[in-house]
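The values are calculated or read from the model by the stated rules, or taken from the named source; none is laboratory data. Keep in mind it's a predicted model, so treat the numbers as computed, not measured. We place every Cβ from the backbone using ideal geometry, glycine too, and count neighbours over all the protein chains shown.
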Amino acid sequence: MYNDKTIVVGVTGGIAAYKSCDIVSKLKKLGFNIHVIMTKSACEFVQPMTFQTLSNNFVINHMFEEPKTWEVEHIELAKKADMFLIVPASANFIGKMANGIADDMLTTTVMATKSQVVIAPAMNTNMYENSIVQDNIKKLKEHSCLFIEPDEGLLACGDIGKGKLAHVDTIVNYVENYFTNKNINKDLKDIKVLITAGPTIEAIDPVRYITNRSSGKMGYAIAKSAIERGAKVTLVSGKTNLEIPKGVDKFISIESAENLYDAMTEKFKDANIVIQSAAVADYKPKTYCDKKIKKSDDDLIIELDRNKDVAMELGKIKENQVLIGFAAETNDVLENAKKKIKKKNLNFIVANDLTKSGAGFGTDTNIVKIIDVHGNIEEFPKLLKEEVGNIILDKALKELNR
């Protein structure tokens, strides 16, 4: 199926290197042409002969070894690649790449490629959470590198936390999904998709506010997928640290639930599909103090008023639009989600349990259930948010074509 696609797999030093063997094997069985570059440290964990046998190609593991062909190897591989997959990616490799250091065959070849670089980190939790490593990851993301977020669990060192290499099938599915989307039909061409994302902010005084933990990643992932499929996307977003997806037709920045309501009611009638993934504050301070509230010896009581339910208000004026809601819950997930479908006149709702690892705010993955107006429930395993976005768009398109 993918005989015309070449993936260069970069293997760096770490105990998770053995899992790369399974990844190479599975990608090879899907038809990809695989070339493997190993760092010197990686060879301490897995022998190059293993990858050579699995990939049916010579493995490169030394900058100055005698070349197997007359080509300049790092340049030729950089040109051949449709994707560079670094798995596992150590903190050392991430740091070198982020700072433009090319001192071995892997970093040299990555620096010379114009193909997509996908990085799957694996390391000790404390290393992964180190602010320097996180700054390097952020820097690489800004340079269009894609990351497959590590899992949480028991690490080889005995620690428990985030840093475990993502599951082999998650990585293989990510790669396959990337190439599937690259060749995807523009089935949303000229369809107008209106998406909300991120948190809302309700001001208490000039320095304090009420908000929530939404990162905006789900809404931005949906927007990116919709753009790839040819849609005209309007993204209405609260404050996030995310880059605006390339190709957005219109980007509207909002702060409060009232700002969101105004933007949505203005754009709603012109939309075909409306996906409300923003985390909207249900309440706001009854009064706003225009000066900073000073600390005193007494307790501070802040009275709250209800905000307008944006989704419900849109449901009241809905005509031919496909209207999709989200329900991020911590208990009684299905019961709460089902109530919202009827109350808000939704076509379907996407529910997730915030207590589940990999399904909460700020992650690159989600675990969702989709419930329609008839009570039918579709359950999905942990998937990348881009994958969830395409599932939502597939279902929205079917609703639109009914």
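On the given criteria, is A351 assigned to a strand (DSSP E or B), among the small types (G, A, S) and touching a residue at least 40 places away in the same chain (Cβ under 8 Å)?
Here the answer is no, as A351 does not meet what is asked.
Please verify whether H143 is within 17 Å of the chain's Cα centre (by Cα) and free of Cβ contacts under 8 Å to residues at least 12 places away in the same chain, treating the condition exactly as stated.
Yes.
Give just the number: which of (1) within 32 Å of the chain's Cα centre (by Cα); (2) more than 26 Å from G360 (Cα to Cα); (3) assigned to a loop (DSSP other than H, G, I, E, B); (4) among the hydrophobic types (A, V, I, L, M, F, W, C) does L300 not satisfy?
(1)
Tell me, please, whether a residue that is without any contact (Cβ under 8 Å) to a residue 12 or more places away in the chain and either under 20 Å from K217 (Cα atoms) or among the small types (G, A, S) (or both) can be found in region 120-130.
Taking every residue of region 120-130 in turn, none turns out to be without any contact (Cβ under 8 Å) to a residue 12 or more places away in the chain and either under 20 Å from K217 (Cα atoms) or among the small types (G, A, S) (or both).
Pick from N345, N366, N376, N336: which is over 24 Å from S215 (Cα atoms), surrounded by 15 or more Cβ atoms within 10 Å (Cβ to Cβ) and in the same structural domain as K224 (by TED's automatic domain parsing)?
N345
Pairs, please: C-beta under 9 Å, at least 6 apart or cross-chain, first residue in a loop (DSSP other than H, G, I, E, B) and in region 328-343, second surrounded by 15 or more Cβ atoms within 10 Å (Cβ to Cβ)?
From residues that are in a loop (DSSP other than H, G, I, E, B), the pairs are T330/D353; N331/D353.
May I ask you to list the residues in region 354-401 that are in contact with a Lys or Arg (Cβ under 8 Å, 6 or more places away or on another chain), hydrophobic (A, V, I, L, M, F, W, C), farther than 15 Å from G219 by Cβ and outside any loop (DSSP other than H, G, I, E, B)?
Across region 354-401, the qualifying residues are I370, I371, I377.
Would you please name the residue that is farthest from A89 (Cα to Cα), looking only at residues in region 28-47 that are among the hydrophobic types (A, V, I, L, M, F, W, C) and surrounded by fewer than 24 Cβ atoms within 10 Å (Cβ to Cβ)?
L30
Give region 250-267 a look and list any residue that's closer than 22 Å to N320 by Cα and either free of Cβ contacts under 8 Å to residues at least 40 places away in the same chain or surrounded by 19 or more Cβ atoms within 10 Å (Cβ to Cβ) (or both), or say none.
Across region 250-267, the qualifying residues are K250, L260, Y261, D262, A263, M264, E266.
Hey, can you tell me all the residues within region 1-41 that are basic (K, R), farther than 19 Å from K96 by Cα and part of a loop (DSSP other than H, G, I, E, B)?
Answer for region 1-41, where residues must be basic (K, R), farther than 19 Å from K96 by Cα and part of a loop (DSSP other than H, G, I, E, B): just K5.
Residue check, L314 against (1) within 22 Å of N177 (Cα to Cα); (2) assigned to a helix (DSSP H, G or I), all met but one. Which one?
The single condition L314 does not satisfy is (1).
Going by the structure shown, is D290 of a type in the set (D, E) and within 27 Å of the chain's Cα centre (by Cα)?
no
Restricting the search to region 65-99, which residues are part of a loop (DSSP other than H, G, I, E, B) and at pLDDT 95 or above? Talk me through it step by step, then tell me what you get.
Keep residues of region 65-99 that are part of a loop (DSSP other than H, G, I, E, B), which gives 65-72, 81-82, 90, 99.
S90, N99 - these are the residues of region 65-99 that are part of a loop (DSSP other than H, G, I, E, B) and at pLDDT 95 or above.
State which residue is nearest to E176 (Cα to Cα) when the search covers only region 1-28 and only residues that are at pLDDT below 95 and of a type in the set (D, E, K, R).
Across region 1-28, the extreme among qualifying residues is K5.
Given K246, K292, K308, which one is in the same structural domain as N345 (by TED's automatic domain parsing) and in contact with an Asp or Glu (Cβ under 6 Å, 6 or more places away or on another chain)?
Residue meeting the stated conditions: K292.
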